Amino acid sequence: MSSVWEIEDMPEFEPLREDAQADVCIVGGGIAGIWTAYLLSKAGKSVILLEADKLGRAATLYTTAFITQVIDTDLSDLVKMFGDEKAKLSWLAGREAIDQIEAVIQEEKVDCDFMRVPIHTYAKDDKELETLRDEESEVRRLGFNAGLLESPLKGFTNAGAMKMPGQAKYHPMKFLRGLIKAAEKNGVKFHEKAEAAELTPSAGGVHILTKSGRSVEAKDVVVATYEPFNNPKPTHFKKGMYVTYVYALEIPKDSLEVGLYEDNRNPYHYFRVDDEEDKQTMIVGGEDHRAELGFEEGKSFRALKEFIDDTFTGLKYKVSHKWQGGILEPSDGLPLIGEYAEHQYVAAAFSGNGMTYSAISGKILTDLIMDRGSKYKELYDPKRSLAGKPLLYKFRDYAEEFVGGAVKNLFK
Ligand SMILES: Cc1cc2nc3c(=O)[nH]c(=O)nc-3n(C[C@H](O)[C@H](O)[C@H](O)COP(=O)(O)OP(=O)(O)OC[C@H]3O[C@@H](n4cnc5c(N)ncnc54)[C@H](O)[C@@H]3O)c2cc1C
C-alpha cells in the first residue's frame, strides 16, 4: 500500500528515555494530536506528545484531504436528527475550522499547497438532482452559501450538482510537517516509538505509562489515537470501523475543474482534482463497507475501478497509487470530542472529515483544558447518550450502504 502524500523530510524524534512531566500529555501523533499540541502550546501549556510509531504515518497519511464543512451526514439529516440549532452549529464548526487552518498556514508560513476550492455534491440523474435541490434549500435556509447547478459539470457523467464555495484542499503531509515545526518552536516535546500502555488517575492529574516502562505525569491527557487505545467506557457503542478504497490517477491537463467532488449515493464516492504543470491528478475513493465484513480487498478495488470507467467515460488515465484505509464512523453522525473522565479527553470518530474535525478538536480541547468553555462542548460531548432519532437515521444510512454496495461487491 502506498500513498501519494509521502515526503522525504518529515522531522524525526527520539523515544521517551526518561520519566517526564508536563501540563498536558497528548497520546497519538496524527493530525488530531498534533493540532491539539500546537494550539495548547500556543496558549502557554507545556506539552509532551507520545507517538507509538512515527508521526503522521497512520490514517493521516492515507487521507484524500478534502477540507470541508460538508460532513458525511447530510445537513437535512442533521436537522431531522438534532434540530436546526445543532445542525447549524456543526456546519459553523466546519467553516471556522477551514478559516483556522488557513490562518495558521499563513501565520506559520506553512508551504502545503493550500487552496480554497468548491465542493460539488453531484447528481447522477434528474431524480438525484431533485434530492439535492431539497438539500440545497436546507443549506441556504440555515444561512450557508450554496447553489444548485442544473447542467452537467465538465468531464464526467452527471446531471448537475450542489456547489458549496469556500472549501479547501492541501497536501496533508506538508501541512503536518509545518505544524510539527511550529509546535516544536512553541516548546512541544515529541517522542516517537513511545507507545502509551495505560492511563491512571494520579494526585497531580493523570499518570501515563508507556510500553517501555517510562512514564509521563500530566495534569491533563488527550487520547488522539484514532480508535481510543484505552477504549474508554463512555465511548462504547458510539463508533464503528469502515474501510474505504482509493485510486490516485494521472489524467490529461484540463480534463476537469480543480476542486472536490462527491456523489450522494450509498455507499458514496468522492474525488479531488489537482492541477500539476503538465497534467492533472485525481484521487478517487469510495466503496466503503464495515471492517468486520472482512472482504477480499480486490473486490472493492474492482468495484471502484468500474465506477471510474462508468463515470469518466473515455478519460485517459494512469493509476499511480492505490490504497485503502479505516474510517471510524460515529454512531449518531457526530464525532466524539471532549472530556470523558476527569482530566482525560478524547478526539475520535471523525468519519471522512478528519481534516476539519482535527482542527475543531484541537480548538475545543484547548478551550476546555484552558477552562475557557466551548460552544461546541455539548454537541460533540463523548459522554452524551445516544438519542433514538439520530440512531434511527444513521442506522438506515448504514443499512442502505450495506445493501447498496457491500453485498453487491461481495459477488464481484
Ligand atoms: C482513504 C481515506 C480518505 C480520507 N479522506 C478524508 C478527506 O478527504 N477529508 C477528511 O477530512 N478526512 C478524510 N479521511 C479521514 C482522516 O484521514 C482521518 O480522520 C484523520 O487523518 C485522523 O487523524 P488522527 O490524528 O485522529 O488519527 P491518525 O492519523 O491515525 O493518528 C493516530 C496516531 O496515534 C498513534 N497511536 C495509536 N495508539 C497509540 C498509543 N497507544 N500510544 C501512542 N500513540 C498511539 C498511531 O500510531 C497514529 O500515528 C480519510 C481517511 C481515509 C483512510
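The values are calculated or read from the model by the stated rules, or taken from the named source; none is laboratory data. Since the structure is predicted, the reported quantities are computational estimates derived from the model, not experimental observations. All Cβ positions, glycine included, derive from the backbone under ideal geometry; neighbour counts span all protein chains shown.
Before moving on, here are some points about what is shown:
- Taking (1) more than 21 Å from the chain's Cα centre (by Cα); (2) at pLDDT 95 or above in turn, Glu8 satisfies each apart from (2).
- Selection count where residues are more than 6 Å from the ligand (Cβ to nearest atom), out of contact with any Phe, Trp or Tyr (no Cβ under 6 Å at 6 or more places or on another chain), in a loop (DSSP other than H, G, I, E, B) and touching a residue at least 24 places away in the same chain (Cβ under 8 Å), scope region 52-83: 9
- Scanning region 223-242 for residues that are aromatic (Phe, Trp, Tyr) and modelled with pLDDT under 95 gives Phe237, Tyr242.
- Scanning region 81-90 for residues that are closer than 20 Å to Gly29 by Cβ and either buried (at least 18 other Cβ atoms within 10 Å of the Cβ) or not charged (D, E, K, R) (or both) turns up nothing.
- Being at pLDDT 95 or above and within 24 Å of Ala22 (Cβ to Cβ) holds for only one residue in Gly205, Gly166, and it is Gly205.
- The conditions of being aromatic (Phe, Trp, Tyr) and in contact with an Asp or Glu (Cβ under 7 Å, 6 or more places away or on another chain) are met by Phe114.
- Filter pass, Val188 being within 22 Å of the chain's Cα centre (by Cα) and more than 9 Å from the ligand (Cβ to nearest atom): no
- Unique match (being crowded, with 18+ Cβ neighbours inside 10 Å and not assigned by TED's automatic domain parsing to the domain that holds Ala196) among Val110, Val104, Val70, Val4: Val4
- Scanning region 277-295 for residues that are away from the ligand (no atom under 16 Å from the Cβ) and over 17 Å from Tyr247 (Cβ atoms) returns Glu277, Asp278, Glu292, Leu293, Gly294.
- Restricting region 245-270 to residues that are β-branched (Val, Ile, Thr) and surrounded by fewer than 21 Cβ atoms within 10 Å (Cβ to Cβ), the residue that is nearest to the ligand (Cβ to nearest atom): Val258
- Matching residues in region 352-373 - criterion: being in a loop (DSSP other than H, G, I, E, B) and either buried (at least 19 other Cβ atoms within 10 Å of the Cβ) or of a type in the set (A, V, I, L, M, F, W, C) (or both): Gly352, Asn353, Met370
- In region 243-264, of all residues being within 17 Å of Gly352 (Cα to Cα) and either outside the structural domain of Lys305 (by TED's automatic domain parsing) or polar (S, T, N, Q) (or both), the one that is modelled with the lowest pLDDT corresponds to Asn264.
- Pick from region 271-325, criterion of a type in the set (S, T, N, Q) and surrounded by 20 or more Cβ atoms within 10 Å (Cβ to Cβ), ranking: nearest to Phe114 (Cα to Cα): Gln280
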